[in-house]
1. Multiply the residue gap between Asp134 and Glu80 by 0.36 nm, knock off their C-alpha separation, and tell me the result in nm, one decimal place.
2. Show me the ranking of peptides 130-138, 247-255 by mean Cβ neighbours inside 10 Å, starting with the highest.
3. Could you give me D for the range 69-129, from Stokes-Einstein at 10 °C and 1.306 mPa s, where the hydrodynamic radius is the Kirkwood radius over C-alpha pairs? Units µm² s⁻¹, please.
4. Whole number in Å², please: accessible area per residue of the range 174-293, 1.4 Å probe, ligands, DNA and RNA not counted.
5. Quote the FRET efficiency, to the nearest 0.05, computed for Asp250 versus Ala118 with a Förster distance R0 of 30 Å and r equal to the Cβ-Cβ distance.
6. Please give me the summed charge of the neighbours of Ala260: other residues whose Cβ is under 15 Å from its Cβ, Lys and Arg +1, Asp and Glu -1.
7. Residue by residue, what Karplus-based ³J(HN,Hα) values in Hz, rounded to whole numbers, does the range 260-274 have, using 6.51, -1.76 and 1.60 with θ = phi - 60° and x for Gly and Pro?
8. Starting from 0.36 nm per residue, how many nanometres of slack lie between Ser241 and Ser172 once their C-alpha separation is accounted for?
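The values are calculated or read from the model by the stated rules, or taken from the named source; none is laboratory data. Given the structure is predicted, the values throughout are model-derived calculations rather than measurements. Cβ sites come from the backbone with ideal geometry, for glycine too, and all protein chains shown count toward neighbours. Side chains are part of the model used for accessible areas, which takes the heavy atoms of the whole protein and leaves out ligands, DNA and RNA. Shrake-Rupley method; radii C 1.70, N 1.55, O 1.52, S 1.80 Å.
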Amino acid sequence: MSLKGRNQGVAPVTYGEGSRPPRGDYTRAHADYTCEQAWSEYTPSDHDTYRRLYTRQTQQLSGLACEEFIAAVQQLGAPEHIPHFDAISERLVKATGWQIVGVPGLIPEEAFFSLLAARKFPVTDWIRKPEEFDYVVEPDVFHDLFGHVPLLFNPVFADYMQAYGAGGMKASHLDACELLARLYWYTVEFGLIATPAGLRAYGAGILSSSGELRYSIRNRTPKRIAFDLKRLMRTKYKIDSYQASYFVIDSFAQLFEATAPDFTPVYREVRDRIAHGGEIDAGAVLPGERTFN
Ligand code: PHE
Ligand code: CO
């Protein structure tokens, strides 16, 4: 039997520690790791979980999430059931030329980067179990859709995501994926933005988390440090707790412009700094650094 066009159960990388196999069924995936959204397989309980997550999260966006996110979240459609990816893609293509594509779960870095570079955002199609309501170890459809997709309706952020994908393909060849992953972590997943009304969240990891959304903006403990690309790339991050440091951008244009130059010399310089001064712990503030409170 031919398996052409399908991956043969190739397991994607698991991020973080441990060798726990990823949760999705990868035999469903095509060679590029995308798969059909198995919409008819969602149960009433799955839809109910989505509706409850969506409702809880939208209720607390005001004053905590950035305006661009709040304006676009309705593009996901009504929360009564898990949306059809195709319906969102139809609206998204018109807005910024992006599409969303289903995936069985976490996928390897190279596959992820090439999808982003082609303006395709991979969305995990399964949803967490009711007992994982507050915390799920791997990204599920709620995190991927609710957290990531609204900002893809913003033209500048949409361009940043594509540039990140192209940059990732280059970083693979330069053996710099770990440094680049820190940029993704501290912007796309856990970024904060300074607005005239105060700090707001734009990172998907924050926006899809009930507890961290409030924590990242209101709690006195974490450090909120002005965005600085090379400094950020030297900074470790926490994968199993709320972040000890957040990086704050002034605008999506600032983020796009700061990351537009060729990173080849940036990686060299950052590696050099790490070799001499070491990495920076999450939660550390360096002398003279601009922080927000
Ligand atoms: N300018 C980066 C490079 O040359 C590409 C990039 C853009 C990476 C935006 C991340 C985010 O690698
Ligand atoms: Co994410």
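1. On the way: separation 54, 0.36 × 54 = 19.44 nm, distance 1.91 nm.
The span from Asp134 to Glu80 would gain 17.5 nm if fully extended.
2. 247-255, 130-138
3. Numbers: Rh = 12.6 Å.
Taking Rh from Cα pairs, D becomes 126 µm²/s.
4. On the way: 5570 Å² over 120 residues.
About 46 Å² of surface per residue is accessible.
5. 0.55
6. -1
7. Karplus values, whole Hz, x for Gly and Pro: 6, x, 4, 7, 3, x, 5, 4, 4, 5, 5, 4, 4, 4, 5.
8. Working it through step by step, the gained length comes to 22.1 nm.
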